[in-house]
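**Q** Sending over a structure as structure tokens; questions will come in a sec.
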Amino acid sequence: MTAGQENNWRNTILAGLANYIDAGSIVAGSVALALWKHEYGLSDAFIGLIGAFSANAISAGIGALVGGILCDKFGRKKIYQYDMLFYAFGMMFLVFANAPWMIVLGFVLVGLAVGADIPASWSLIAEQAPDKKRGAHSGVAQLLWYLGPVAVLVAGYFLQPFGIAGVRWLFVHLAVLAIALTFLRSRMEESKRWEEAKAATAGQALSINWRELFSPRYLGSVVFLAAMYGFWNLWAGYNGFFTPYLIEQNNLPAWTATMLPASYFLIGMFSILGIFMTLSDKVNQRLLFGISAALHVFGMALLAIFGFKLEIVIAHIVIMGIAGGFGAQSFFQLWSAELFPTAIRSTAQGATFAIVRIGLGIWSLAVPALAAGNFTLLAWILTGFLIASGVIGLIWAPRNEGKSLEQIDAERRAA
């Protein structure tokens, strides 16, 4: 491996650590939900409010929209170098939370920060990756996204005896990592592709051409990505933020509240490494996505048919973990970088991510009440969402494996 290749992988890891922090904050909140509910007497409606405005949903969507615009205008580095300090500031509200309003405010600030980082880091990863290894580099970010929940959930299991005081340490470790990441990223270089796009404008800040983004050439990609990933993310949001809470509410053994969700993410990591990172640059991506979509539907239907029982939940987690590694989220990151030119790439990613996360926020308001009143209905609705995501992906998935970003854009313009 050459020095340049080593630097590319290093940059990919440093950029992708935003995914660890994003997912870690979502799952740390999910571990704390039942404790917060008991401590502050929170209603299902208020828990839905936390889920809606957390790093899992609306605030992350708003952060991605604003961050994406700023990334294209002023560069990827300016955003990803400083947003982690804002994240750490928001995380302090969760570390020291002693009232419900602090929980909501903390999650809003954290969500804005991780949302802004997503288009910055994802664009950088795609733009500096070799053309024939773009999927592999994107997979590193997904590995780190799955690692965050594994670390948080396993730590949460051992911290259970300490109650809320133990949960605070989960938030502390995320805040410390965010501060460390700020210093580690300071030596990263700006995206060369973005610098070339800026040079083409005589060194002026790039102006965001909204007319181009919403032209027929790219509007179809925005709609495709938002629909394919959005329907899947309605399931994923429930899975990441509410599964430990639902396990607690259904009186399964105490160890399952953290270890079962951790197992899902651990299995997903092996799937990302063994399937997505190995095959996505070489084989038919539509076929890979289709297999994952079918497994997702089957795994969710198990819960809808047989209910929230321990043996069914275990089978569900194994199937969904395998499917998740090479499914909608991994391909959303890859395709959302490939389907737009450099000048509007981060803006497009931020806009589609915002649509998805804000939609999830609205849906999250209803999840706790649905789960408490009729879990079977909730499970069938989620199965329907996964079917919709799978159908959309199978029909409109692109075939860009092995192509350069410039080649992909040239082909779209010619078409």
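**Q** Could you check segment 367-388 and list, in sequence order, the residues that are surrounded by 14 or more Cβ atoms within 10 Å (Cβ to Cβ) and either at pLDDT below 85 or touching a strand residue (DSSP E or B) at 6+ places or on another chain (Cβ under 7 Å) (or both)?
**A** Those that are surrounded by 14 or more Cβ atoms within 10 Å (Cβ to Cβ) and either at pLDDT below 85 or touching a strand residue (DSSP E or B) at 6+ places or on another chain (Cβ under 7 Å) (or both): 367, 368, 369, 370, 371.
**Q** Then there is this: Report whether or not residue 355 is surrounded by 18 or more Cβ atoms within 10 Å (Cβ to Cβ) and either part of a helix (DSSP H, G or I) or at positive phi (or both). Before you say what the answer is, go through the steps one by one.
**A** Numbers: surrounded by 18 or more Cβ atoms within 10 Å (Cβ to Cβ): yes; either part of a helix (DSSP H, G or I) or at positive phi (or both): yes.
Yes, satisfied.
**Q** Given the conditions (1) at pLDDT 90 or above; (2) more than 23 Å from residue 60 (Cα to Cα); (3) surrounded by fewer than 21 Cβ atoms within 10 Å (Cβ to Cβ), which single one is not true for residue 157?
**A** That leaves (1) as the condition not met.
**Q** For residues in segment 3-60 being closer than 26 Å to residue 181 by Cα and in contact with an Asp or Glu (Cβ under 7 Å, 6 or more places away or on another chain), which is surrounded by the most Cβ atoms within 10 Å (Cβ to Cβ)?
**A** The extreme case among them is 55.
**Q** Something else about it: Please tell me if residue 391 is β-branched (Val, Ile, Thr), in contact with a helix residue (DSSP H, G or I) (Cβ under 7 Å, 6 or more places away or on another chain), surrounded by fewer than 24 Cβ atoms within 10 Å (Cβ to Cβ) and at pLDDT 90 or above.
**A** Answer is no for this residue.
**Q** Here is a further query. Any chance segment 77-88 includes a residue that's surrounded by fewer than 22 Cβ atoms within 10 Å (Cβ to Cβ) and among the hydroxyl-bearing types (Ser, Thr, Tyr)?
**A** yes
**Q** Here's something else I'd like to know. From 143, 85, 124, which residue is modelled with pLDDT under 95, closer than 30 Å to residue 279 by Cα and part of a helix (DSSP H, G or I)?
**A** On inspection, the qualifying residue turns out to be 124.
**Q** If residue 250 meets every condition in (1) at pLDDT 90 or above; (2) in contact with a Phe, Trp or Tyr (Cβ under 7 Å, 6 or more places away or on another chain) apart from one, which number is that one?
**A** Evaluating residue 250 over (1) at pLDDT 90 or above; (2) in contact with a Phe, Trp or Tyr (Cβ under 7 Å, 6 or more places away or on another chain) leaves (1) as the failure.
**Q** Of the numbered conditions (1) more than 20 Å from the chain's Cα centre (by Cα); (2) small (Gly, Ala, Ser); (3) not in a helix (DSSP H, G or I), residue 45 fails exactly one; give the number of that condition.
**A** Residue 45 satisfies every listed condition except (3).
**Q** While we're looking at this one, here's another question. Just to be sure I understand, how many residues within segment 253-275 are modelled with pLDDT of 95 or more, within 30 Å of residue 158 (Cβ to Cβ) and not hydroxyl-bearing (Ser, Thr, Tyr)?
**A** Count: 8.
**Q** While we're looking at this one, here's another question. Could you list, in sequence order, all residues of segment 282-295 that are part of a loop (DSSP other than H, G, I, E, B) and at pLDDT 95 or above?
**A** At the first step, the residues of segment 282-295 found to be part of a loop (DSSP other than H, G, I, E, B) are 282-284.
None - no residue of segment 282-295 is part of a loop (DSSP other than H, G, I, E, B) and at pLDDT 95 or above, so the list stays empty.
**Q** Of all residues in segment 25-42, which are part of a helix (DSSP H, G or I) and either aliphatic (A, V, I, L, M) or under 14 Å from residue 91 (Cα atoms) (or both)?
**A** Those that are part of a helix (DSSP H, G or I) and either aliphatic (A, V, I, L, M) or under 14 Å from residue 91 (Cα atoms) (or both): 25, 26, 27, 28, 29, 31, 32, 33, 34, 35.
**Q** How many of the residues in segment 207-255 are of a type in the set (A, V, I, L, M) and loosely packed, with under 14 Cβ neighbours inside 10 Å? Explain how you work it out, then say what you get.
**A** Applying the first criterion (of a type in the set (A, V, I, L, M)) to segment 207-255 yields 208, 213, 219, 222-223, 225-228, 234, 236, 246-247, 252, 254.
Now narrow it down to the ones that are loosely packed, with under 14 Cβ neighbours inside 10 Å: 219, 254.
Here the count works out to 2.
The values are calculated or read from the model by the stated rules, or taken from the named source; none is laboratory data. These numbers come from a predicted model, not from an experiment. Counting neighbours? That spans all protein chains shown, and the Cβs are built from the backbone with ideal geometry, glycine included.
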